[in-house]
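Dropping the structure in here first, questions after.
The values are calculated or read from the model by the stated rules, or taken from the named source; none is laboratory data. Quick caveat: nothing in here was measured; it's all calculated off a predicted structure. Cβ sites come from the backbone with ideal geometry, for glycine too, and all protein chains shown count toward neighbours. Side chains included, ligands, DNA and RNA excluded: accessible areas come from the protein's heavy atoms. Shrake-Rupley method; radii C 1.70, N 1.55, O 1.52, S 1.80 Å.
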Amino acid sequence: MPSAPLSPRRVKLLTYNVRRCLGTDGTLSPARIAAVIAQTGAEIIALQELDVGRPRSGGVDQAEAIAAELGMRVHFNAALTVLEERYGDALLTPLPSRLVKAGPLPGLAAKPHLEPRGALWAAVDLGEASELQVIVTHLGLRSAERQAQAAALLGPDWLGHPDCRDPAVLLGDFNAVPGGQTFRRLAGALADLRRAPGIASSPATFPSRFPLLRLDHVFARGPVRPLSLAAVRTPLARIASDHLPLLVEVEVDRAVARVAHPAAA
């Protein structure tokens, strides 16, 4: 039986590479990152390059510190773990949410010393028993590495998993510019929200002081319609990290979710 139609839900999503909260002025400040985010009104926030318990960042749990400043809950995935130190990505939201999966993405067997990469999948409650599947990631620096990681994200463990039902979004720092192989592969399977009808510009996000490259992206599948999309170019955002945040407001058609509650991995 088809899912019952419900009223659409507007939601603001933001993806932001925070570079361990180290600004272009040399200041280390999770509070400043939180202030940048707070100004946007985003409800679903994907963060990359967070330090947790690392001496270089004062031993702070940056994911929890930013979430506390914003009054949000956090899901964190450590792409890199060394003893008690962790480094990775997070999803923050004030909305009810559940972690579905967090884990590594493939690297290159011939290059075992490349920085590990991972992804985080959470189901965010949009109300009226409806969920948005959200996958946060940060891909590698080498083309072959990114292509393997994109294939994994589109495969049966992530977006191709039977529990990853529409609507779904994939967002993060892909280290991939439009036109490259990795970007084309993702845009061939998902909707690139920068190119959707009604979106007038395709803003660059890196480097933050003089942005030239489009490395941060939001892709969607299912009934997700972008209403606006922009790089956050406030004076504070220009110095808080070496990336600008990418903010997109979408309208999501909701249907009653058939929640399977898959086990977290």
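Of the numbered conditions (1) surrounded by fewer than 19 Cβ atoms within 10 Å (Cβ to Cβ); (2) under 22 Å from Ile45 (Cβ atoms); (3) over 16 Å from the mean Cα position of the chain (by Cα), Pro197 satisfies every one except a single condition; which is it?
(2)
Looking at the range 24-46, which of the residues that are of a type in the set (A, V, I, L, M, F, W, C) and free of Cβ contacts under 8 Å to residues at least 60 places away in the same chain is surrounded by the most Cβ atoms within 10 Å (Cβ to Cβ)?
Taking the range 24-46 as the starting set, the residues that turn out to be of a type in the set (A, V, I, L, M, F, W, C) are 28, 31, 33-38, 42, 44-46.
Among the residues that remain, those that are also free of Cβ contacts under 8 Å to residues at least 60 places away in the same chain are: 28, 31, 34, 38, 45.
Values: Leu28: 16, Ala31: 12, Ala34: 24, Ala38: 13, Ile45: 28.
Looking at the filtered set, the residue picked out is Ile45.
So, in the range 214-239, exactly how many residues are under 19 Å from Ala196 (Cα atoms) and either more than 17 Å from the chain's Cα centre (by Cα) or of a type in the set (Gly, Ala, Ser) (or both)?
8
Please state which one of Ala109, Ala129, Ala102 is within 18 Å of Thr15 (Cβ to Cβ) and surrounded by fewer than 23 Cβ atoms within 10 Å (Cβ to Cβ).
Details: Ala109 fails: within 18 Å of Thr15 (Cβ to Cβ); Ala129 fails: within 18 Å of Thr15 (Cβ to Cβ).
Only one candidate passes the filter, namely Ala102.
Every residue in the range 3-59 that is of a type in the set (S, T, N, Q) and touching a strand residue (DSSP E or B) at 6+ places or on another chain (Cβ under 6 Å), please. Give the derivation first.
Our first condition is that a residue be of a type in the set (S, T, N, Q); within the range 3-59, this holds for 3, 7, 15, 17, 24, 27, 29, 39-40, 48, 57.
Residues satisfying the conditions are Ser3, Thr15, Asn17, Thr40, Gln48, Ser57.
Considering every residue within the range 55-75, establish whether at least one is among the acidic types (Asp, Glu), open to solvent by less than 40 Å² (accessible area, probe 1.4 Å) and either closer than 26 Å to Leu139 by Cβ or free of Cβ contacts under 8 Å to residues at least 24 places away in the same chain (or both).
To start, the set of residues in the range 55-75 that are among the acidic types (Asp, Glu) comprises 61, 64, 69.
Imposing the further condition that a residue be open to solvent by less than 40 Å² (accessible area, probe 1.4 Å) reduces the set to none.
There is no residue in the range 55-75 that is among the acidic types (Asp, Glu), open to solvent by less than 40 Å² (accessible area, probe 1.4 Å) and either closer than 26 Å to Leu139 by Cβ or free of Cβ contacts under 8 Å to residues at least 24 places away in the same chain (or both).
Condition check ((1) over 23 Å from Ala237 (Cα atoms); (2) in contact with a strand residue (DSSP E or B) (Cβ under 7 Å, 6 or more places away or on another chain); (3) not polar (S, T, N, Q)) across all residues:
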position	(1), (2), (3)
Leu159	yes, yes, yes
Ala176	no, no, yes
Arg185	yes, no, yes
Gly188	yes, no, yes
Leu193	no, yes, yes
Phe206	no, yes, yes
Phe210	no, no, yes
Leu213	no, yes, yes
Asp216	no, yes, yes
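Sticking with this structure for a sec: Cβ-Cβ under 7 Å, sequence separation 6+ or interchain: first residue in the range 208-225 and farther than 17 Å from Val18 by Cβ and without any contact (Cβ under 8 Å) to a residue 60 or more places away in the chain, partner open to solvent by 10 Å² or more (accessible area, probe 1.4 Å) and among the hydroxyl-bearing types (Ser, Thr, Tyr). Which pairs?
Arg214/Ser202
Report the residue count in the range 144-179 for those that are part of a loop (DSSP other than H, G, I, E, B) and touching a Gly at 6+ places or on another chain (Cβ under 6 Å).
Initially, the range 144-179 is screened for residues part of a loop (DSSP other than H, G, I, E, B), giving 155-167, 174-179.
Filter once more, so that each one left must be touching a Gly at 6+ places or on another chain (Cβ under 6 Å): 166-167.
Residues in the range 144-179 being part of a loop (DSSP other than H, G, I, E, B) and touching a Gly at 6+ places or on another chain (Cβ under 6 Å): 2 in total.
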